[in-house]
Amino acid sequence: MSAGLSVRSTLAGKRVLLLGATGFVGKAWLVHALEELPELGKITLIVRRQRQASGESRFHAVLASNPAFQGLHAKHGAGLAAWLAPRLEVVEGDVRKPGLGLDDATRARLAREIDVVINSAAMIDFVPRLDRALATNVKGAMEVASLTASFDHASLLHVSTAYVAGNRSGTFPEAPVEARTPSGEPFDAEAEAAALMEGAMHAMAEGGEVAKRWILDGSARAEKLGWPNVYTYSKSLAEALLTRFAAQQGLPMSIVRPSIVESAQRVPFEGYNDGLNLLTAMIYLLGTWIRHLPASPDHPVDVVPVDDVARAMSAVAAALVAGRARPVYQVATSERNPITVGEAFEYTALSHRRHYRRPDAPWFEQEIMARWDGITNPGAHPLGVHSVHRAAGTLQGWLGRAETKLERPAWLSPMVSAVKRGEQRLSDVERLVDLATPFMRDNRWVFVSRALDELDVQEPDLRFEPEKIDWPRYWLDIHMPALRRWCFPRIEKTDPRRIHVTTAFGESGS
Amino acid sequence: MSGEAAFFKLEPLLVETSSAATAAYLASQHAGMRERIGRLGQVLVSAPLAALSRSTDGALSNRLLYAGLRGMNQVRLAQLAAEVATSLEGRTHRDRVALLEHERSEGRRVVVLSELPYELASILTDGWSVDHLAANRLEMRDGWATGKLLEPILGGPGSLRWLRAFAEAHGIDLARSCAYASHADDGFLLSAVGRPKLVGASERLARMGRNAGWPVLDGVALR
């Protein structure tokens with residue numbers, strides 16, 4: 001039996017380089033490290049410039065305004081900057097650039113100092129421009145690996161996603177990706193990535209319709225090969241390339257694959273959530289008139305609180321420093337403490353019911369909306385979004401013909417406009433639902449998550465213990481209030497076409 | 001505590017409701033319209049038989065009524081119970097609830113019996129001077145109700161059997177114990193003890209009481 005791992009003493013004085021600090025999990029890990037790993041050495045953040053804002057100013061803007069840091073502000077007040085100074089530095093860089101765009105002096109210094117590089121930077125849209133997904137999730141990941149390999153003694157912790165498994169049902173082990181597509185065909189990830197990069201270069205150079213066609217074809221290819229979307233396709237390519245590179249270079253590396261990352265149980269605070277992801281969008285929809293969603297009630301929906309992911313990352317970082325890390329760690333709940341899609345729908349419905357039955361709610365919400373529960377439908381449903389969208393399209397057609405026949409009477413125009421807007425909205429919602437269907441209905445994913453146990457983390461507050469998650473309490477008392485507080489307002493202000501999908505974390509695609 | 005107990009029937013004596021009304025409401029709050037209509041229909045169709053069997057086999061009556069809760073999630077049941085309890089606040093007889101404290105101060109073990117689901121009965125009696133609550137418990141499998149009730153099922157003669165077993169297990173002298181009730185269906189409870197007390201008795205119970213010589217605390221009929 002191997003000796004236990006003390007995360008705190010192993011990481012004492014060690015230096016971490018973090019990419020993706022402005023993302024959901026990046027921020028959670030940062031606050032966890034500052035609050036729960038006081039022995040950790042100075043943390044270096046690589047933050048990219050965005051338009052006129054330098055990396056440093058971007059991070060300071062996030063530090064000033066993001067709720068993740070409210071505990072630190074409350075504790076240190078005006079002294080926060082002074083408290084952070086010896087613990088944190090921000091360096092401007094960009095994973096999409098060779099050497100991350102670092103100058104020689106900075107690179108040389110980091111090469112001497114850094115013990116662990118944590119890469120949680122990612123393009124998290126499920127339907128991104130393929131060239132951008134490749135630039136960040138594949139090429140960017142390789143740039144980070146190359147930089148790490150050039151350092152004197154650093155290990156690499158690469159954050160991926162459990163859904164590299166692709167569109168297939170099964171129990172997925174904590175093992176490197178295979179040289180096969182999810183549909184079982186032989187697959188050369190290196191050749192695929194090289195062809196994509198070359199294709200991207202030519203397509204973007206041409207621009208216009210050529211570029212657009214290339215992007216659409218790429219997205220279709222991802223689905224044809226068996227991944228639910230471009231995000232998981234790009235993350236799988238990255239894993240394959242990284243695994244080969246690390247073996248060739250002798251780079252100590254571990255891949256951490258979280259499942260769907262959601263509200264914190266404890267750190268930075270109970271109910272912290274900063275993602276606007278697909279699951280959140282579906283949960284929001286379940287509180288509207290569109291409550292019939294395609295879903296298989298018995299399938300697990302693998303959700304993991306963000307602070308559990310953060311603590312797992314630290315445990316893996318410590319394992320890398322101690323020289324006993326495994327190649328892959330999955331941070332997931334579906335094997336050890338599953339919550340089913342049916343249960344998630346039920347708890348979501350109950351939470352919406354509680355919200356609509358609040359004393360100050362209008363009668364209509366208390367009596368009607370409170371009882372309009374979300375329903376799982378493995379097949380089609382007359383009140384499902386697809387059916388309603390078709391009906392709206394039919395109505396739009398009738399109204400259009402009526403408008404023509406009646407020579408555009410003034411009284412008809414508002415109705416035509418309203419139906420047109422409604423149909424467009426339904427089209428967007430339908431697209432989101434289609435993106436979510438692999439996760440709610442089509443695939444029965446069970447992700448093994450045992451490797452972290454083998455580390456035998458000595459600190460009870462730093463262990464990943466999914467069995468301890470009380471799903472009804474988590475969903476009703478922590479997660480749903482968090483979504484209502486932090487995420488639903490953003491959905492209500494956001495065009496559904498711009499909703500990103502997060503199963504990991506990292507910087508926003510914008 | 002003395003070997004005496006004071007038995008109270010929760011509904012309708014202390015809270016104006018019934019297991020039939022509760023079962024119907026809960027069944028109507030299943031997730032999904034189809035489930036609601038189906039389960040409520042099930043309760044309504046079985047209601048006449050349940051009513052007929054109440055006096056002879058209250059357990060059967062409650063089995064039929066609560067079968068409509070099959071497929072309900074445990075968490076939903078708990079939430080609905082909290083909602084129902086809130087709605088019943090205005091239908092709680094606070095003056096009668098005070099009797100519980102009175103009995104306890106006299107050294108008697110206070111026992112409340114209810115045919116309501118335990119999830120609801122426990123919320124309704126929270127904060128009262130109750131030493132033991134007996135209510136109907138729904139069988140749960142993996143967090144979902146099977147529609148069956150766990151033994152012992154309370155209702156009519158079933159409650160009487162429970163009461164006698166409880167008395168034996170806890171050394172309660174029923175002849176020296178008292179019981180409070182307001183509805184004729186709870187006559188079994190009154191006849192089991194040496195000191196029955198009618199409170200706000202229905203006409204039928206008042207008639208039973210007069211015939212049996214049971215004391216009436218107040219003559220105001222509930223209905």
Where Rh is the Kirkwood radius over the Cα pairs of the protein assembly as shown, the temperature 4 °C and the viscosity 1.567 mPa s, what D in µm²/s does Stokes-Einstein return? 44
Please report the net charge: other residues with Cβ closer than 15 Å to the Cβ of A:Gly393, K and R +1, D and E -1. +3
Rg and Dmax of region A:86-142, using alpha carbons, in Å: what are they? 13.3, 40
Which one of B:Cys178, B:Met208, B:Leu189 is farthest out on the positive end of the charge dipole of region B:137-212, using unit charges on Cβ (Lys, Arg +1; Asp, Glu -1) and the Cα centre as origin? B:Met208
In a shell of Cβ-Cβ distance under 13 Å around A:Val341, excluding A:Val341 itself, what net charge do Lys and Arg (+1) and Asp and Glu (-1) give? -3
Dividing the helical contributions, -39500 (n - 2.57) per DSSP H run of n ≥ 4, by the residues of chain A yields a 222 nm value, nearest 500 deg cm²/dmol, of -13500 deg cm²/dmol
Calculate the length of the line joining the C-alpha centroid of region B:47-126 to that of region A:254-331, in whole Å. 40
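Taking the Cα centre of region A:359-423 as origin, work out the dipole magnitude from +1 charges on Lys and Arg Cβ and -1 charges on Asp and Glu Cβ, in debye rounded to 20. Mind showing how you got there, number by number?
On the way: 7 positive and 7 negative charges, 93 e Å.
The dipole magnitude comes to about 440 debye.
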Rounding to the nearest 20 debye, state how big the charge dipole of the protein assembly as shown is about its Cα centre with +1 on each Lys and Arg Cβ and -1 on each Asp and Glu Cβ. 1360
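Of the accessible area of the protein assembly as shown, with the probe set at 1.4 angstrom, what percent is carbon plus sulfur?
53
Ignoring ligands, DNA and RNA, what accessible area per residue does chain A give at 1.4 Å, in Å²?
Working: 20590 Å² over 510 residues.
For chain A, the per-residue accessible area is 40 Å².
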Counting sequence-distant residues (5 or more places) and residues on other chains, those with an amide H built under 5 Å from that of A:Asn377 are A:Leu293, A:Ala295
Could you state the angle between the C-alpha long axis of helix A:189-206 and the longest principal axis of the C-alpha atoms of chain A, as a value from 0 to 90 degrees rounded to the nearest 10? 60
Please list, or write none, the lysines whose alpha carbon is within less than 28 Å of the alpha carbon of A:Lys75, excluding same-chain residues fewer than 8 places away. A:Lys14, A:Lys27, A:Lys42
With the dipole of region A:46-204 worked out from charges on the C-beta (+1 for Lys and Arg, -1 for Asp and Glu) around the Cα centre, which of A:Gln70, A:Val144, A:Ala203 lies farthest toward the positive end? A:Gln70
Explain nothing, just the number: dipole magnitude of region B:156-223 about its Cα centre with +1 on each Lys and Arg Cβ and -1 on each Asp and Glu Cβ, in debye rounded to the nearest 20. 120
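Using only protein heavy atoms and a 1.4 Å probe, how much accessible area in total is buried between B and A, to the nearest 100 Å²? Spell out each step's value before the answer.
On the way: alone 10220 and 21190 Å², together 30170 Å².
Separately minus together, B and A give about 1200 Å² buried.
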Using modelled backbone amide H atoms (1.01 Å from N, in-plane), which distant-in-sequence or interchain residues come within less than 5 Å of A:Met253's amide H? A:Leu156
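Report the semi-axes of the equivalent ellipsoid for region A:187-325 in whole Å, largest first, where each axis is √(5λ) for an eigenvalue λ of the Cα gyration tensor. The partial results should precede the final answer.
Details: eigenvalues 187, 154, 37 Å².
Equivalent-ellipsoid dimensions as semi-axes: 31, 28, 14 Å.
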Over 13 Å [Cα-Cα, region A:1-71], rounded percent: 68
Give the share of C-alpha pairs in each 5 angstrom bin for region A:352-413, from 0 to the last occupied bin, in whole percents, shortest bins first. 4, 15, 13, 10, 11, 14, 13, 12, 7, 1
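The values are calculated or read from the model by the stated rules, or taken from the named source; none is laboratory data. Because the structure is a prediction, the values reported are computed rather than measured. All Cβ positions, even for glycine, are placed from backbone atoms using ideal geometry, and neighbour counts span all protein chains on display. SASA here: full protein model, heavy atoms, side chains in, ligands and nucleic acids out. Shrake-Rupley method; radii C 1.70, N 1.55, O 1.52, S 1.80 Å.
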